[in-house]
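Computed from the coordinates by the stated procedures, all read-outs in this text should not be read as laboratory data. These numbers come from a predicted model, not from an experiment. In this analysis, Cβ positions are derived from the backbone assuming ideal geometry, glycine residues included, and neighbour counts consider all displayed protein chains.
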Amino acid sequence: MEKQQASATPLKFPYFFLFFNLLLLVAIYFAIVHTLERALSLAITESTQAGNAAITRIFVNEVYPEIKGDLQLLPAHQLQQRKLEPEALQRVDTRVRQFMWGTDILKAKIYNAQGDTLYSSDFQQVGENKMGSQGFDRAIKGQAASQVTHRGQFSALDGDVYERDLVASYIPIHSDENEIIGVAEIYTDRSAVITYSQQLVVNAKSEIIPMLMLVLFFISLIIWRFTSYVTRLRIEQAYNDAGSST
């Protein structure tokens, strides 16, 4: 008789298994969010860098031919001028600002092959040496380079700006003989695009959580239906065994 009662004991709901699934879904959530953030960040970074590099190439192709007489850029093995005369600097600045007007370009610089800043839209940076920086070193070797930075304060064309996400691109300048004679650098403001990408991640998080909660609900429902079914089978089997023994 005790054996029959024991066989009719209801199957307990496997809370431990449900808790394990909850932990698994939490891990899946963080994995999805991390992958999404990395993929979206990489896509935004690559697209903004590519767009910025294209603008810088246009700058080199359109603006440099008009100001090369003032810059007098030469290959690295030749003696370079390290500073422009005030009149030449003003002429270069006027042409560069014409190009920058109405765009999201915040700053433009031109370096000679030895890293000296011959021109900057921020005149205080004229004369600084960029040799040793990653972007310049890659560009002077013939490779375009870009990098994304966040600046709390940045000296731009029309004054200081704050809390901006910037893309700086370095493009080599070639002579008519196809020798690298300098580097052009352009900073553009990509704050809106990067902020939008961050908002997309936030929206995705808010959509993923309900979906995973729904998955957990269905898992709980399946487990409950399964335990109820097994319990009913046990009870029926117990009654059948009791009836056959009488």
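For the range 52-191, what does the relative contact order come out to in percent, with C-alpha contacts under 8 Å and a separation of six or more?
Numbers: 286 pairs, mean separation 38.2, N = 140.
Computed over the range 52-191, the figure is 27 percent.
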With only Lys, Arg, Asp and Glu charged, each at its Cβ (+1 for the first two, -1 for the last two), find how big the charge dipole of the range 52-191 is about the Cα centre; round to the nearest 20 debye. 240
Which of Ser146, Gly127, Tyr196 sits farthest toward the positive end of the charge dipole of the range 83-222, with +1 on the Cβ of Lys and Arg and -1 on the Cβ of Asp and Glu? Tyr196
For the Val202, Asp122 Cβ pair and Förster radius 51 Å, calculated FRET efficiency rounded to 0.05 is 0.90
